[in-house]
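Asks: Quick one: this structure, given as structure tokens, is what I'll be asking you about.
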């Protein structure tokens, strides 16, 4: 599939900020099943944009802007050619030992309810792939997708207690469950071409990857109850949302900050030329 992404993130400040610093994880890497046909990241103010690689192998742009800043826009335009690998990730950059992805974080630490749920839904499963798929199906069934009750700092335990959340929350729950069972698992941020024809979206997508013996890293999308397909564009990985967030940053001075996001993910009408 040839997927086209238009992603705009705009900050406005009622009182101009003196300086803004941001970490942008908005640039995907190529791997088997994902070819970056074209990708461009722009900002609409004078600033310093430094590209580097973080400890998880993500492409990161560090943005520094001196004020006064009343408005700052980050714009992504890209085309990615994807093929379905049944969720299996190969040919990627892997600088971190898989054992690192067993670490709990504040957002993914399991409570007793998650520990009990993990044991119950995987009871009798003998193969890692079966364990992961049971978690995928059970979380998708038990936790309702709902944008209202959670926010970026909601933990896996809090979302699971409500049985509600967005893709970020369902992914954190999957990570908490998998790690509690001794399975390395990581957070993935990216984009998803929806099958219902909706192309204008409120935010990017998130899912999980688990280390499966004999296969390597395999994706699991609990928000949709599927393994990632050629409809998924994989951008960044981390221990949780904070390590793979598309945009994180801080400002000095200013006030009345407002954030608006515009995102379109669609299948490109123009096919690649051989």
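Asks: For region 106-133, how many residues are surrounded by 14 or more Cβ atoms within 10 Å (Cβ to Cβ), free of Cβ contacts under 8 Å to residues at least 60 places away in the same chain and either within 29 Å of residue 57 (Cα to Cα) or not assigned by TED's automatic domain parsing to the domain that holds residue 174 (or both)?
Replies: Final tally of qualifying residues: 1.
Asks: On to the next question. What single numbered condition from (1) more than 17 Å from the chain's Cα centre (by Cα); (2) outside any helix (DSSP H, G or I) fails to hold for residue 116?
Replies: Single failed check for residue 116: (2).
Asks: Related question: When you scan region 150-180, how many residues do you find that are in contact with a helix residue (DSSP H, G or I) (Cβ under 9 Å, 6 or more places away or on another chain), in contact (Cβ under 8 Å) with a residue 40 or more places away in the chain and in a helix (DSSP H, G or I)?
Replies: So the answer is 16.
Asks: Being over 21 Å from residue 32 (Cα atoms) and either assigned by TED's automatic domain parsing to the domain that holds residue 12 or in contact (Cβ under 8 Å) with a residue 24 or more places away in the chain (or both), is that true of even one residue in region 76-87?
Replies: Checking region 76-87: at least one residue is over 21 Å from residue 32 (Cα atoms) and either assigned by TED's automatic domain parsing to the domain that holds residue 12 or in contact (Cβ under 8 Å) with a residue 24 or more places away in the chain (or both).
Asks: Based on this model, can you work out whether residue 139 counts as in contact (Cβ under 8 Å) with a residue 60 or more places away in the chain and not in a strand (DSSP E or B)?
Replies: yes
Asks: Moving on. State all residues of region 19-71 that are in contact with a helix residue (DSSP H, G or I) (Cβ under 9 Å, 6 or more places away or on another chain), closer than 18 Å to residue 204 by Cα and either assigned to a loop (DSSP other than H, G, I, E, B) or assigned by TED's automatic domain parsing to the domain that holds residue 191 (or both); if no residue qualifies, say none.
Replies: 58 - this is the single residue of region 19-71 that is in contact with a helix residue (DSSP H, G or I) (Cβ under 9 Å, 6 or more places away or on another chain), closer than 18 Å to residue 204 by Cα and either assigned to a loop (DSSP other than H, G, I, E, B) or assigned by TED's automatic domain parsing to the domain that holds residue 191 (or both).
Asks: Check region 197-208 and report whether any residue there is without any contact (Cβ under 8 Å) to a residue 40 or more places away in the chain, more than 15 Å from the chain's Cα centre (by Cα) and not in a strand (DSSP E or B).
Replies: yes
Asks: So is residue 10 in contact with a strand residue (DSSP E or B) (Cβ under 7 Å, 6 or more places away or on another chain) and assigned to a loop (DSSP other than H, G, I, E, B) or not?
Replies: no
Asks: When you scan region 188-200, do you find a residue that is closer than 25 Å to residue 128 by Cα and either at pLDDT below 95 or out of contact with any strand residue (DSSP E or B) (no Cβ under 8 Å at 6 or more places or on another chain) (or both), even just one?
Replies: No.
Asks: Mind listing whichever residues of region 142-157 are surrounded by fewer than 18 Cβ atoms within 10 Å (Cβ to Cβ), within 15 Å of residue 106 (Cβ to Cβ) and in contact with a strand residue (DSSP E or B) (Cβ under 9 Å, 6 or more places away or on another chain)?
Replies: Across region 142-157, there are no qualifying residues.
Asks: Have a look at 25, 103, 51 and point out the one that is more than 15 Å from residue 251 (Cβ to Cβ), touching a strand residue (DSSP E or B) at 6+ places or on another chain (Cβ under 7 Å) and either buried (at least 17 other Cβ atoms within 10 Å of the Cβ) or in contact (Cβ under 8 Å) with a residue 40 or more places away in the chain (or both).
Replies: The unique qualifying residue is 25.
Asks: Scan region 223-246 residue by residue and report those that are over 14 Å from residue 26 (Cα atoms), in contact with a strand residue (DSSP E or B) (Cβ under 7 Å, 6 or more places away or on another chain) and not in a strand (DSSP E or B).
Replies: Scanning region 223-246 gives 223, 227, 228, 230, 231, 239, 240.
Asks: Also, I was wondering about something else. Which of (1) closer than 25 Å to residue 260 by Cα; (2) surrounded by fewer than 19 Cβ atoms within 10 Å (Cβ to Cβ) does residue 216 not meet, given it meets every other one?
Replies: (1)
Asks: For region 75-94: of the residues being assigned to a loop (DSSP other than H, G, I, E, B) and more than 20 Å from residue 246 (Cα to Cα), which is nearest to the chain's Cα centre (by Cα)?
Replies: 87
The values are calculated or read from the model by the stated rules, or taken from the named source; none is laboratory data. Here the structure is a predicted model, which means the values were calculated and not measured. Using ideal geometry, Cβ is built from the backbone for each residue, glycine included, and neighbour counts are taken over all protein chains shown.
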